[in-house]
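*Asks:* Quick one: structure below, then a few questions.
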């Protein structure tokens, strides 16, 4: 721009105007009004100072709106601009102070020039500030862009990390699933191995068990063959004895036709037993041979019983024939027999001077002469009695090798059998039902040929001799308890009766042995009123009646004898009154009790023993008979009281009325009340559950 233009502008009205936008804030209202109302007359120094003040005041408001960082940059810029302005001002001042310029311009123009310079400077500063703001904004935008880029990068990184995390999680799940599958496979493999081991062990054990079973079966077969051979030898021996018994029968002419077939049947059984022994050594399965051999033994025992019955029948027929012959001779030999009896009595009386004969039943002349057999025993009772006698003779003959042996080993074996029988019978009591059943099972096992445990070893009764021997021994021991226990403790009768009934029911041939020993101990249980035979001594006669002799040869007292007979009677009656354990039919029930009373009433009463037997029998078995027969039984009691009891009183000697009075009191009480009191010691059904 030319100098003339500048001067023209300075001299113009607008050029003379002063521009100050902060005059109001600075409180220079009066100065501004005064300046505007008159032309300015300001020196250069004052103008410079005013400009400086204006320059300082203008940026104040801007600084208030700027941030500290912007204000710091602006201060730095202002400082640099101040330096430049001062430099320009110094230069202009130098120029202005030059002679040429001083001449051409005035102070006002200089001031305007300086003002223009200052405003130019301000404009530059604002331009610079704007540029700086633009730069700052660009920086901010760039920083924001960088932050966005960084955020995006961070988000992308986070997303990648999430993806990686998901992949790792998926990988972990897959690894866990794979590990679980692997563990499951390992567990299945372990279980499979375990099952295989178990199957292998089971197979090994099964093989060992099969081998053991095979050895056991071989041992059993060997033992069975040996046992079968022993049984075969015993069968042959028993068969020989049966045949010998038939051949040695003294009354063969009285044997039946069927008995003549017995040797052929026995020989067939022996042949069958021999063939079974040969078959058992060839056939692996020997159970059938065992059953067949048992059947052979049973058949042999049946043939033995048939032979015994045939011999007993022959003996009975012979005795009947002899009795008939004797009756014919009685009339002719009556006087001679009486004389001989008197002579024998005198001889025997010297030997038994200390015997209390007045209390014993004396064999009268009528009993030894012409007393018919029918008045002493009924025919059917005699048949039963003689049949049992013959059976037992055969049994004793078959067991002679065991009962009368001199061999030490056999004696020891016999002693073990006796101990095995006596121990459980001696320990029988009514302690509890389980205790009584235990004794019963031990006795039953022994009688069945099974092994039983003793104190320190096991004992077994061999077939058939050992079993027959222990059966007879057990029957004799149980009957003997009537003397040893029941006679002094009446309530114990039912405990032994329960054992006897159970054995009789499970082992039927025990019944004949029980009856034989009962009849041997007390013939009044047949009932059989024995008479003295011609060839009998008094001691033999009294022993046949059941009396016992002491060590000094003296006969027992009458009260002791009656006490023992009462014990046998009570035990026999308890067997009849005791119901079987399993509710089956009784092998010797109340019908036998009725038969016994009927047989007693058909015979003439004997002193003391008839009253004792009837009283003890009715007291123990009366209730069972009354329940079975009802009014008929009380009619029977009425008959006893009215018709038979006077006969008992007639034969009862003076001073022996104890049994008679007990019987009379019992009959009167039962008939008055029309009921029989239950016996003491009876075992109810609840007892067996104890």
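The values are calculated or read from the model by the stated rules, or taken from the named source; none is laboratory data. Just so we're clear, the structure is a prediction, and the values are computed from it rather than from any experiment. Here Cβ is always computed from backbone atoms with ideal geometry, including for glycine, and neighbour counts include all displayed protein chains.
*Asks:* All but one of (1) under 35 Å from the mean Cα position of the chain (by Cα); (2) modelled with pLDDT under 90 hold for residue 535; which doesn't?
*Replies:* (1)
Every residue, every condition in (1) within 49 Å of the chain's Cα centre (by Cα); (2) part of a helix (DSSP H, G or I), yes or no:
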site	(1), (2)
543	no, yes
564	yes, yes
568	yes, yes
573	yes, yes
579	yes, no
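*Asks:* Further question on the same structure: Considering 470, 410, 430, 479, which residue is farther than 22 Å from residue 573 by Cα and touching a helix residue (DSSP H, G or I) at 6+ places or on another chain (Cβ under 6 Å)? Break it down into steps so the answer makes sense when it comes.
*Replies:* Details: 410 fails: touching a helix residue (DSSP H, G or I) at 6+ places or on another chain (Cβ under 6 Å); 430 fails: farther than 22 Å from residue 573 by Cα; 479 fails: farther than 22 Å from residue 573 by Cα.
After ruling out the rest, the residue left standing is 470.
*Asks:* Continuing with the same structure: Determine which single condition residue 620 fails, assuming it passes every other condition in (1) outside any helix (DSSP H, G or I); (2) surrounded by 15 or more Cβ atoms within 10 Å (Cβ to Cβ).
*Replies:* The failed condition is (1).
*Asks:* Here is a further query. Name the one entry in 402, 388, 436, 395 that is surrounded by 14 or more Cβ atoms within 10 Å (Cβ to Cβ), closer than 30 Å to residue 681 by Cβ and modelled with pLDDT under 90.
*Replies:* Details: 402 fails: closer than 30 Å to residue 681 by Cβ; 388 fails: modelled with pLDDT under 90; 395 fails: closer than 30 Å to residue 681 by Cβ.
The unique qualifying residue is 436.
*Asks:* Which one of the conditions (1) surrounded by 19 or more Cβ atoms within 10 Å (Cβ to Cβ); (2) modelled with pLDDT of 75 or more; (3) within 22 Å of residue 510 (Cβ to Cβ) does residue 299 fail to meet, given that it meets all the rest?
*Replies:* Single failed check for residue 299: (1).
*Asks:* With the requirement that a residue be outside any helix (DSSP H, G or I) and within 45 Å of the chain's Cα centre (by Cα), what does region 387-416 give you?
*Replies:* 399
*Asks:* Checking residue 521 against (1) more than 15 Å from residue 573 (Cβ to Cβ); (2) free of Cβ contacts under 8 Å to residues at least 60 places away in the same chain, only one condition comes out false. Which one?
*Replies:* The failed condition is (1).
*Asks:* Can residue 183 be described as surrounded by 10 or more Cβ atoms within 10 Å (Cβ to Cβ) and at pLDDT 90 or above?
*Replies:* yes
*Asks:* On to the next question. State all residues of region 444-456 that are in contact with a helix residue (DSSP H, G or I) (Cβ under 9 Å, 6 or more places away or on another chain), surrounded by fewer than 17 Cβ atoms within 10 Å (Cβ to Cβ) and free of Cβ contacts under 8 Å to residues at least 40 places away in the same chain; if no residue qualifies, say none.
*Replies:* Of everything in region 444-456, those that are in contact with a helix residue (DSSP H, G or I) (Cβ under 9 Å, 6 or more places away or on another chain), surrounded by fewer than 17 Cβ atoms within 10 Å (Cβ to Cβ) and free of Cβ contacts under 8 Å to residues at least 40 places away in the same chain turn out to be 449, 450, 451, 453, 454, 455.
*Asks:* Let me ask you something else. Quick check, is residue 578 within 23 Å of residue 560 (Cβ to Cβ) and either surrounded by 18 or more Cβ atoms within 10 Å (Cβ to Cβ) or in contact (Cβ under 8 Å) with a residue 60 or more places away in the chain (or both)?
*Replies:* On the way: within 23 Å of residue 560 (Cβ to Cβ): no; either surrounded by 18 or more Cβ atoms within 10 Å (Cβ to Cβ) or in contact (Cβ under 8 Å) with a residue 60 or more places away in the chain (or both): yes.
In short, no.
*Asks:* Out of 205, 154, report the one residue that is without any contact (Cβ under 8 Å) to a residue 12 or more places away in the chain and more than 34 Å from the chain's Cα centre (by Cα).
*Replies:* Working: 205 fails: more than 34 Å from the chain's Cα centre (by Cα).
After ruling out the rest, the residue left standing is 154.
*Asks:* Out of all the residues in region 601-617, which are buried (at least 20 other Cβ atoms within 10 Å of the Cβ) and not in a loop (DSSP other than H, G, I, E, B)?
*Replies:* Once the filter is applied, which keeps residues that are buried (at least 20 other Cβ atoms within 10 Å of the Cβ) and not in a loop (DSSP other than H, G, I, E, B), region 601-617 yields 609, 610, 611, 612, 613, 614, 615, 616, 617.
*Asks:* I've got another one for you. Of the numbered conditions (1) in contact (Cβ under 8 Å) with a residue 12 or more places away in the chain; (2) farther than 25 Å from residue 234 by Cβ; (3) loosely packed, with under 14 Cβ neighbours inside 10 Å; (4) under 28 Å from the mean Cα position of the chain (by Cα), residue 427 satisfies every one except a single condition; which is it?
*Replies:* (4)
*Asks:* Please pick out the residue among 564, 592, 570, 599 that is free of Cβ contacts under 8 Å to residues at least 40 places away in the same chain and at negative phi.
*Replies:* 592
*Asks:* For residue 495, state whether it is at pLDDT 90 or above, farther than 30 Å from residue 226 by Cβ and either in contact with a strand residue (DSSP E or B) (Cβ under 6 Å, 6 or more places away or on another chain) or surrounded by 23 or more Cβ atoms within 10 Å (Cβ to Cβ) (or both).
*Replies:* Working: at pLDDT 90 or above: yes; farther than 30 Å from residue 226 by Cβ: yes; either in contact with a strand residue (DSSP E or B) (Cβ under 6 Å, 6 or more places away or on another chain) or surrounded by 23 or more Cβ atoms within 10 Å (Cβ to Cβ) (or both): yes.
Yes: the conditions hold for residue 495.
*Asks:* Scan region 625-676 for residues that are assigned to a loop (DSSP other than H, G, I, E, B) and closer than 19 Å to residue 594 by Cβ and jot them down. Steps first, answer last, please.
*Replies:* Filtering region 625-676 down to residues assigned to a loop (DSSP other than H, G, I, E, B) leaves 630, 652-657, 674-676.
Across region 625-676, the qualifying residues are 630, 674, 675, 676.
*Asks:* Please give the number of the condition residue 441 fails out of (1) touching a helix residue (DSSP H, G or I) at 6+ places or on another chain (Cβ under 8 Å); (2) free of Cβ contacts under 8 Å to residues at least 40 places away in the same chain.
*Replies:* Only one criterion in (1) touching a helix residue (DSSP H, G or I) at 6+ places or on another chain (Cβ under 8 Å); (2) free of Cβ contacts under 8 Å to residues at least 40 places away in the same chain is unmet by residue 441, namely (1).
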